[in-house]
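Heads up: the structure comes next, in structure tokens.
Just so you know, all these numbers are worked out from the coordinates, no wet-lab data involved. Please read all numbers here as calculations on a predicted model, not as lab measurements. Here Cβ is always computed from backbone atoms with ideal geometry, including for glycine, and neighbour counts include all displayed protein chains.
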Amino acid sequence: MRDQVIFANKRVITVNVQGITGTKVSYFSYPYSKVEYVGVETAGVLDIDSELILIFTNRASLQFNFNPHVNIQTICATISQFVL
């Protein structure tokens, strides 16, 4: 696992590992107070992963893919508590 996402109580933190050796790492922090929309796409028959989409007030967006073993509804409900 190279890239990671951390859902903290006030923000989403993304960790992006770049390059073959993984020596270059980018960290970004996105506050929940700037989230305008939350979207969820659950896994289907041919699409095996679930997706969480966050759209911010400046129209920037983040999309996260989760494997089928992750309960995406629980993650969405938790984020909604901090966004709303």
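Taking the beta-carbon count within 10 Å as an exposure proxy, list Val5, Val17 from fewest neighbours to most. Spell out each step's value before the answer.
Values: Val5 17, Val17 14.
Fewest to most other Cβ atoms nearby, the residues stand as Val17, Val5.
Residues in segment 39-54 carry Karplus couplings, in order, of x, 10, 10, 7, 5, x, 5, 8, 9, 8, 10, 9, 10, 10, 10, 10 Hz; the curve used is 6.51 cos²θ - 1.76 cosθ + 1.60 with θ = phi - 60°, and Gly or Pro positions show x. Taken about its Cα centre, segment 4-83 carries a charge dipole of roughly 440 debye when the Cβ of each Lys and Arg holds +1 and the Cβ of each Asp and Glu holds -1.
At 0.36 nm per residue, and after removing the present C-alpha to C-alpha distance, how many nm does the segment from Gln4 to Leu84 gain when stretched out fully?
Numbers: separation 80, 0.36 × 80 = 28.80 nm, distance 2.44 nm.
Stretched fully, the Gln4-Leu84 segment lengthens by 26.4 nm.
Diffusion coefficient of the chain by Stokes-Einstein, Kirkwood radius over Cα pairs, 4 °C, 1.567 mPa s: 94 µm²/s. The string of couplings for segment 17-22 from the Karplus curve (6.51, -1.76, 1.60, θ = phi - 60°) is 8, 10, x, 5, 7, x Hz, one whole number per residue in order, with x for Gly and Pro.
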